[in-house]
Ligand code: SAM
Ligand code: SF4
């Protein structure tokens with residue numbers, strides 16, 4: 001059998017795309033390998049969101065060129081493919097910078113991989129059209145064994161692209177306009193996953209709460225209605241969704257957090273900044289207080305919900321006072337976790353043209369302060385779990401023999417010592433200790449092994 005090595009960078013949507021590309025290539029006789037050294041086909045599934053992410057790809061390609069040459073000296077051919085958002089944004093430029101690349105394929109074209117690989121054998125190819133046809137309708141379903149090998153938690157992309165055009169962001173250019181998969185197609189995929197043993201699904205989209213897919217009654221369904229339908233799929237115990245935009249957080253979706261037991265009490269809702277001036281310059285289309293009020297509403301519907309967010313520090317024109325507003329918002333909301341980034345100018349985005357770029361040293365300082373504050377809140381949130389008994393879905397072997405690892409409803413990693421439980425079980429666990437990245441607990445009713 002031929003071997004393929006897929007390396008995905010960036011967001012969870014790329015992880016999902018990488019899996020679907022593996023499914024497409026599985027139909028062409030490729031099996032996956034964890035290392036590039038023995039791969040006949042190496043595919044980099046790239047990310048363009050920040051400069052560093054894009055830069056990493058070229059560094060990696062340089063190494064792979066050497067590997068390709070070494071394999072050739074041994075009489076083995078290697079096909080090198082660049083997929084994902086760098087492929088979309090830079091197209092033929094990639095092959096100009098790194099001629100060892102055989103094929104450049106954008107995120108909307110990977111269902112055409114077999115035909116493109118055949119073409120690549122006759123000469124180098126670039127396919128970065130953003131075609132209107134539905135790639136999801138053309139993708140082969142993964143085999144039950146492949147699903148299980150990926151674990152009992154799965155990602156399912158339900159929405160792609162973005163029409164919001166935040167001033168800093170490349171997504172509308174690399175992933176194209178908003179598109180929602182039809183409900184029936186998503187249900188069929190989730191049913192297949194559940195039949196193979198998946199219990200926990202995370203619905204993905206660049207703007208997942210803008211979901212507006214064709215429903216099973218021919219009408220347009222929003223995300224809340226889609227999740228209510230998925231909650232009926234036998235075996236699906238946990239549902240999450242990411243990433244959401246505050247403007248699309250409607251009342252129906254908030255009510256789902258109150259009413260739908262399978263919908264986990266966790267919400268990732270990026271705000272980016274806490275200053276109204278910066279939010280306006282970012283084209284986020286809401287104020288900091290509107291965000292605070294939204295959070296109040298969500299907490300009223302589901303008081304124990306864990307909140308998470310994304311922040312950008314050093315957006316052009318961000319003053320000390322603007323930054324203090326961001327810290328104030330973080331203090332007010334107290335997130336259970338958050339991602340934070342230094343602003344990175346992206347070619348083709350309006351913010352990259354602004355002349356008020358913030359000094360790198362100041363960005364470093366602000367990022368450190370912001371991360372320190374978020375980390376304090378994260379630790380407080382995790383320590384508050386000690387003594388509580390929560391349901392944990394056991395997902396995999398733990399760090400040490402005799403341990404199993406899983407997640408709380410609040411998306412915290414938990415390790416338990418157990419000789420009797422199995423992966424796939426949902427157990428009530430009493431949390432005994434909070435480490436820096438994991439909680440440690442004991443299945444309720446189980447004797448204290450250390451006593
Ligand atoms: N759709 C989501 C939203 O509305 O916030 C975000 C999707 S984006 C893939 C993930 C995160 O990357 C953003 O929330 C933002 O914090 C960060 N990001 C995007 N463009 C960036 C840039 N030019 N510089 C730094 N961070 C950026
Ligand atoms: Fe990018 Fe998210 Fe803004 Fe869309 S809503 S442009 S994906 S940051």
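Read-outs: derived from the displayed coordinates by stated rules, not from any lab. Just so it is clear, the structure is predicted and the values come from calculations on it, not from any experiment. Cβ sites come from the backbone with ideal geometry, for glycine too, and all protein chains shown count toward neighbours.
Please give the Cα centre distance for segment 200-279 versus segment 142-192, rounded to the nearest Å.
13
Quick one: if you stick a label point 7 Å off each Cα along the C-beta vector at residue 328 and residue 177, how many nm between them?
According to this spin-label approximation, the distance is 4.0 nm.
How big is the equivalent ellipsoid of segment 289-447 along its three axes, where each semi-axis is √(5λ) from the Cα gyration tensor, reported in whole Å from largest to smallest?
So the three semi-axes of segment 289-447 are 38, 18, 14 Å.
Mind computing the radius of gyration and Dmax over the alpha-carbon atoms of segment 1-141? Å is fine for both.
For segment 1-141, the Cα radius of gyration and maximum Cα-Cα distance read 13.9, 43 Å.
What is the ratio of the Cα radius of gyration of segment 133-279 to 2.2 N^0.38 Å, with N the residue count, to two decimals?
Values: Rg = 15.7 Å, N = 147, 2.2 N^0.38 = 14.7 Å.
Compared with the compact-globule rule of thumb, segment 133-279 sits at 1.07.
When DSSP assigns beta bridges and you keep just the ones with both residues in segment 283-414, what percent turn out antiparallel, to the nearest 5? Write down the numbers at each step before the final one.
Details: 6 of 12 bridges.
Approximately 50 percent, going by the DSSP bridge assignments.
Given 10 Å bins starting at zero, what is the percent of C-alpha pairs of segment 192-351 in each, up to the one with the largest pair distance?
The distribution over segment 192-351 is 10, 36, 31, 17, 6, 0, given as percents.
What value, in deg cm²/dmol to 500, does the helix sum -39500 (n - 2.57) over DSSP H runs of n ≥ 4 give at 222 nm once divided by the residues of the chain? Walk me through the intermediate numbers first.
Values: 14 runs with 160 residues, N = 451.
When only DSSP H runs of four or more count, the value is -11000 deg cm²/dmol.
Give the peptides 244-255, 263-274, 96-107 in descending order of average Cβ contacts within 10 Å, highest first. If you can, show how the numbers build up before the last one.
Working: 244-255: 17.1, 263-274: 22.9, 96-107: 19.8.
Per-residue Cβ counts within 10 Å, averaged per peptide and sorted highest first, yield 263-274, 96-107, 244-255.
Quick check: from the Cα gyration tensor, does segment 315-394 come out rounded (a/c under 1.5), prolate or oblate?
Working: a/c = 3.34, a/b = 2.21, b/c = 1.51.
Verdict is prolate for segment 315-394.
To one decimal place, what orientation-averaged projected area in nm² is obtained for the convex hull of the Cα set of the chain?
22.9
Neighbour counts of other C-beta atoms within 10 Å: give me 32, 353 arranged from fewest to most.
Numbers: 32 16, 353 10.
Placing the least packed residue first, the sequence is 353, 32.
Placing one identical point scatterer on every Cα of segment 206-259 and ignoring solvent, what is log10 I(q)/I(0) from the Debye formula at q = 0.23, 0.25, 0.30 Å⁻¹?
So the normalised log intensities are -0.96, -1.10, -1.32.
Looking at the chain only, what percent of DSSP beta bridges run antiparallel? Nearest 5 please.
Bridges in the chain that DSSP calls antiparallel: roughly 35 percent.
Students often check this: by mean Cβ neighbours within 10 Å, which of 367-379, 401-413 ranks highest, and how do the rest follow?
On the way: 367-379: 15.8, 401-413: 18.3.
Descending mean neighbour count gives 401-413, 367-379.
Show me 190-201, 280-291 ranked by packing, highest mean number of other Cβ atoms within 10 Å first. Write down the numbers at each step before the final one.
Details: 190-201: 19.9, 280-291: 17.7.
Going by the mean number of other Cβ atoms within 10 Å, highest first, we get 190-201, 280-291.
Please report the spacing between the Cα centers of segment 396-427 and segment 322-385 in Å, no decimals.
32
To two decimal places, what compactness ratio does segment 391-450 give when its Cα radius of gyration is scaled by 2.2 N^0.38 Å? Display every interim value, and only then the final one.
Details: Rg = 10.0 Å, N = 60, 2.2 N^0.38 = 10.4 Å.
So segment 391-450 has a normalised radius of gyration of 0.96.
What is the spread of the Cα atoms of segment 284-346 along each of their three principal axes, largest first, in whole Å?
37, 21, 20
Given N residues in segment 68-121, what is Rg(Cα) / (2.2 N^0.38 Å)? Write out the running numbers ahead of the final one.
On the way: Rg = 11.9 Å, N = 54, 2.2 N^0.38 = 10.0 Å.
Dividing the Cα radius of gyration by 2.2 N^0.38 Å gives 1.19.
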